[in-house]
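Reviewing the structure listed below.
The values are calculated or read from the model by the stated rules, or taken from the named source; none is laboratory data. Not measured: the values here are computed from a predicted model. Here the Cβ is made from the backbone with ideal geometry for all residues, glycine too, and neighbour counts use every protein chain on show. SASA here: full protein model, heavy atoms, side chains in, ligands and nucleic acids out. Shrake-Rupley method; radii C 1.70, N 1.55, O 1.52, S 1.80 Å.
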Amino acid sequence: MPAHPLRSDIISNYYLFYVRNNANMANLRRCPFVPKTRVIIFQDEDGRAPFLEWFDQLPPKAQDKCRVRLERLAQLGHELRRPEADYLRDQIYELRIGLQGINYRILYFFHRNLAAVLSHGLVKERAVPPAEIDLAIKRKRKFTAHPDRHTYQE
């Protein structure tokens, strides 16, 4: 199975650098492009990654803007604020992406202070529907109970 473009473009490149330089943590902390926050993609029990299924259906320009926003999430983590991200409720956050009048949202949550877990994405009109937030809350509970089982692996 080929590597998913999102995973290899954003996430793997950072951690490949991290693994190669793990012996010298002082240099790693000074490097400006090493993320503060690990970005993880949620996986269901059946092995599906809802975020990736949604992401693959987006137009290429929207995918590019999502990648940029995910890079910012990796760099800033909890520090990322409006207009790029916002807190919804019950420890669920949204990445905010706008393109040609379409509002894309990526719902995520933090696992301890180590990682941001991408639950799923959606296109919204006014506000993120409560059912979508509830779905992200369910996924957060599943992930918290069994992080290894619900972490997407290539």
Just a yes or no: is a residue in the stretch 140-148 assigned to a helix (DSSP H, G or I), in contact with a strand residue (DSSP E or B) (Cβ under 9 Å, 6 or more places away or on another chain), open to solvent by 70 Å² or more (accessible area, probe 1.4 Å) and of a type in the set (V, I, T)? yes
Select from the stretch 125-139 the residues that are surrounded by fewer than 21 Cβ atoms within 10 Å (Cβ to Cβ), out of contact with any Asp or Glu (no Cβ under 6 Å at 6 or more places or on another chain) and not in a loop (DSSP other than H, G, I, E, B) and list them in ascending order. P130, A131, E132, I133, D134, L135, K138
Test: residue in the stretch 109-129 that is at pLDDT 95 or above, among the small types (G, A, S) and touching a Leu at 6+ places or on another chain (Cβ under 8 Å): no
Counting only residues that are open to solvent by 30 Å² or more (accessible area, probe 1.4 Å) and more than 15 Å from R69 (Cβ to Cβ), how many does the stretch 100-111 have? 2
Only residues that are without any contact (Cβ under 8 Å) to a residue 24 or more places away in the chain, surrounded by fewer than 16 Cβ atoms within 10 Å (Cβ to Cβ) and not in a strand (DSSP E or B): list them for the stretch 80-99, please. R81, R82, P83, E84
List every residue pair whose Cβ atoms lie under 9 Å apart, where the two residues are 6 or more positions apart in sequence or sit on different chains, the first residue falls within the stretch 112-124 and is without any contact (Cβ under 8 Å) to a residue 24 or more places away in the chain and open to solvent by 80 Å² or more (accessible area, probe 1.4 Å), and the second residue, located anywhere, is part of a strand (DSSP E or B) and not β-branched (V, I, T). V123/N103; V123/Y104; V123/R105
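Being of a type in the set (A, V, I, L, M), open to solvent by less than 70 Å² (accessible area, probe 1.4 Å) and farther than 22 Å from R139 by Cα is the filter here; which residues of the stretch 65-79 pass it?
Within the stretch 65-79, just L76 meets the criteria.
Whether any residue in the stretch 78-93 is of a type in the set (D, E, K, R) and under 17 Å from D44 (Cβ atoms) is what I want to check.
Within the stretch 78-93, none of the residues are of a type in the set (D, E, K, R) and under 17 Å from D44 (Cβ atoms).
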